[in-house]
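Colleague: This is the structure I want to talk about, given as structure tokens.
Readers should treat all values here as calculations from the given coordinates under stated rules, not as data from a laboratory. Worth saying up front: this structure is predicted, and the values here are computed from it rather than measured. A quick note on method: Cβ atoms are made from the backbone with ideal geometry, for glycine too, and the neighbour counts reach across all protein chains shown.
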């Protein structure tokens, strides 16, 4: 749900967790969507007006129930309900046994229930996995190749170029040849191979590649977990997605820890 995703982005913005690239994108999104800009401005004013503890209590939870309950008990809303009832009483005063309020109270009550259910749904409905993937599923954070061996650099540069030119089959083939013959760190090349497999919808093979990264002893091992999570998100495998996100959030040093935490909070 777009409104829910806006709240997630706004919270990250207010907490200073957006990267420079994400910040630029979020600012452009506010320009394109004035209602988002209004929401961000209101959130900033609330954050400034409330203490830190109050703000943490006030901010969005996965259910929004307290917010809905507070809204429904608001004096203005209660006053509006009373006025509706008064108008109904006046409109349906018995006249020569033709109209009676008893006949119409059920439709009016049903209308109020429908209104309340609509409000509850707007506040509590969670985005689908496909909607979350549209927001989180990016395969553009490709690694750079900085090595000492000139020949190796050329091969890696070729793999990178093939991927960026959307020649995914060739990228995979070249990457596999490199992985068989090279004795240097293979993680970055494996990442490109996994990305290319995802682009070709070969999700099972991509998971195998990313799992191998996650089980390696390299400094980038946790990247494999994040990319596995994205594949599970893409294929709407909620169970394995949550298991993988929990592994990522087990350590703050893991790659994309903050985003994994956000996703896990939404799903739970």
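Colleague: So for the range 150-268, what percent of the C-alpha to C-alpha distances run longer than 23 Å?
Modeller: The share of Cα pairs beyond 23 Å in the range 150-268 comes to 32 percent.
Colleague: Still on this model: Which order results if 252, 243, 202 are arranged by neighbouring Cβ count within 10 Å, fewest first?
Modeller: By the 10 Å Cβ count, ascending: 252, 243, 202.
Colleague: Ranked highest first by average number of other Cβ atoms within 10 Å, how do 165-172, 7-14, 177-184 line up?
Modeller: Packing order, densest peptide first, comes out as 7-14, 165-172, 177-184.
Colleague: Would you calculate the volume per residue, in Å³, of the smallest convex hull containing every Cα atom of the range 218-268?
Modeller: Spread over its residues, the Cα hull of the range 218-268 gives 62 Å³ apiece.
Colleague: Among 185, 135, which comes first, second and so on when ranked by fewest other beta-carbon atoms within 10 Å?
Modeller: Starting with the residue having the fewest Cβ neighbours, the order is 185, 135.
Colleague: Right, next: For residue 141 and residue 217 in one chain, what is 0.36 nm times their gap in residues minus the Cα-Cα distance, to one decimal in nm?
Modeller: This chain segment gains 25.3 nm when fully extended.
Colleague: I need the calculated FRET efficiency for the pair residue 5 and residue 176, taking r as the beta carbon distance and R₀ as 25 Å, to the nearest 0.05.
Modeller: Calculated value: 0.10.
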